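J.: Sharing a structure here in structure tokens format.
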Amino acid sequence: MLLTGGLSKITQLPQPSMGLLPAVHATTAMDIILTGGVYTLPNPQEVTGLLFKNATGNAINLPAQGNFPAGSIRNGEYFSSNGMGFYRLKNKPSLTYQVVSLEAGVFTTAKPHFFINGETLELHGFVNATMTSNGQSINFSGTGVRYRIAESSGTTFKIADANGVIYSDASSGGGSGGWIHTQSSSSYYPTAFERTIYTFPFTLQGLPVGEQFKLSRVFSFRSISAQSACVWSVIMEFGQRVDDVSPGSIGPNLKAYEYLPPAIDQQVVITDVTTDHSLGITFRRTVEGISGFRSLYSRTPNLIPGTTPVGDDFVLRVRLSQFDIENQISDPSGYVAYNVAANPKEADSLG
């Protein structure tokens, strides 16, 4: 929640405390379905930490329990219980990993990946990366084609086609690496702690070729009366604009924004001590597309391939997501507070 008056002079807290909610990690969900035209929810005290999915075809109601108000879960959405009441969850749609080397078909990541064989991913940022498919050599650097994980183990894996045929000769010149973006994850986070801070729109006229946009912010966090440390993630992500193109000849419109894997996904640890986190993004439109770098505290690494838009019109969304607390906390009461301010050392700019 956003508590006015800053993070150091908090004079009044809303009562009662709704509590801090944990994330849920699961590879499968138990479906809530209609039986005889009705659905039945389990006792929340008996299903702590389990993942459920509304598969009734309609919205279902979650009853008020303890300090938790009644809520609604749309068809296809997820929820869980913390032992006192049910709460809604949001699946993280993808994960990003850096590949440090690619030799003889073996991809090696910078840290253990826990991939599941058969799940899909995209490859971006590889240089001179080739492999043989149907007797022909192909280049797969940044194509956006989806492949499947095979022979997953620790920090290594291979890729295969949709039929399970492994590309055993996949190689990148000199063994150099790139980036991979999975198409799913088994992590689900409480929607009560989802916050959108800004959404900046960009057009070709507003950000023409050669011009640059810079955003720098100080994100401050603290917990109050909490019995657990918490983690929250600051996410900056691009959304590519998609318009309706039918039926016939239609006028200007907006269908949706399709969000790419996060350009910045920085997790912060929250305790009762206020901490400040300097994060930002700088990018320029070139004839080849969008390029730039991330500002992560004192470091400025390049933007990750596969996270930048390719169209003329797009948005940059800044949000807080992926909230979690320590496991097996018997008393999840407490509060978290955040504040977002301009960075006095890094001014924003456009042009």
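The values are calculated or read from the model by the stated rules, or taken from the named source; none is laboratory data. As the structure is a prediction and not an experimental result, all values here were calculated from the model. Because the Cβ atoms are built from the backbone with ideal geometry, glycine has one as well, and the counts that use them run over all protein chains shown.
J.: Could you say which residue among Phe157, Phe115 is more than 19 Å from the chain's Cα centre (by Cα) and among the hydrophobic types (A, V, I, L, M, F, W, C)? Steps first, please.
T.: On the way: Phe115 fails: more than 19 Å from the chain's Cα centre (by Cα).
Every option except Phe157 fails the conditions.
J.: Oh, and also: Among the residues of region 117-170, what is the count of those that are of a type in the set (S, T, N, Q) and farther than 18 Å from Leu95 by Cβ? Quick ask: steps written out before the conclusion?
T.: Going residue by residue through region 117-170, those that are of a type in the set (S, T, N, Q) are 117, 120, 128, 130, 132-134, 136-137, 139, 141, 143, 152-153, 155-156, 163, 168.
With farther than 18 Å from Leu95 by Cβ added as a condition, the list becomes 128, 130, 132-134, 136-137, 139, 141, 143, 163, 168.
Qualifying residue count for the region: 12.
J.: Say whether the condition of being over 22 Å from Val231 (Cα atoms) and in contact (Cβ under 8 Å) with a residue 60 or more places away in the chain is met by at least one residue in region 292-304.
T.: First, the residues of region 292-304 that are over 22 Å from Val231 (Cα atoms): 292-293, 300-304.
Okay, now just the ones that are also in contact (Cβ under 8 Å) with a residue 60 or more places away in the chain, so 292, 304.
Yes, the conditions are met somewhere in region 292-304.
J.: Report whether or not Ala104 is aliphatic (A, V, I, L, M), in contact with a Lys or Arg (Cβ under 8 Å, 6 or more places away or on another chain) and surrounded by fewer than 19 Cβ atoms within 10 Å (Cβ to Cβ). Show your work before the answer.
T.: Working: aliphatic (A, V, I, L, M): yes; in contact with a Lys or Arg (Cβ under 8 Å, 6 or more places away or on another chain): no; surrounded by fewer than 19 Cβ atoms within 10 Å (Cβ to Cβ): yes.
Here the answer is no, as Ala104 does not meet what is asked.
J.: Moving on to the next point. Please determine whether any residue of region 230-246 is part of a loop (DSSP other than H, G, I, E, B), assigned by TED's automatic domain parsing to the domain that holds Thr282 and touching a strand residue (DSSP E or B) at 6+ places or on another chain (Cβ under 6 Å).
T.: Step one: list which residues in region 230-246 are part of a loop (DSSP other than H, G, I, E, B), which gives 243-246.
Filter once more, keeping what is assigned by TED's automatic domain parsing to the domain that holds Thr282: 243-246.
Filter again for touching a strand residue (DSSP E or B) at 6+ places or on another chain (Cβ under 6 Å), leaving none.
For region 230-246, residues part of a loop (DSSP other than H, G, I, E, B), assigned by TED's automatic domain parsing to the domain that holds Thr282 and touching a strand residue (DSSP E or B) at 6+ places or on another chain (Cβ under 6 Å): absent.
J.: Out of (1) within 28 Å of Asn54 (Cβ to Cβ); (2) part of a loop (DSSP other than H, G, I, E, B), the odd one out for Pro112 is which?
T.: That leaves (1) as the condition not met.
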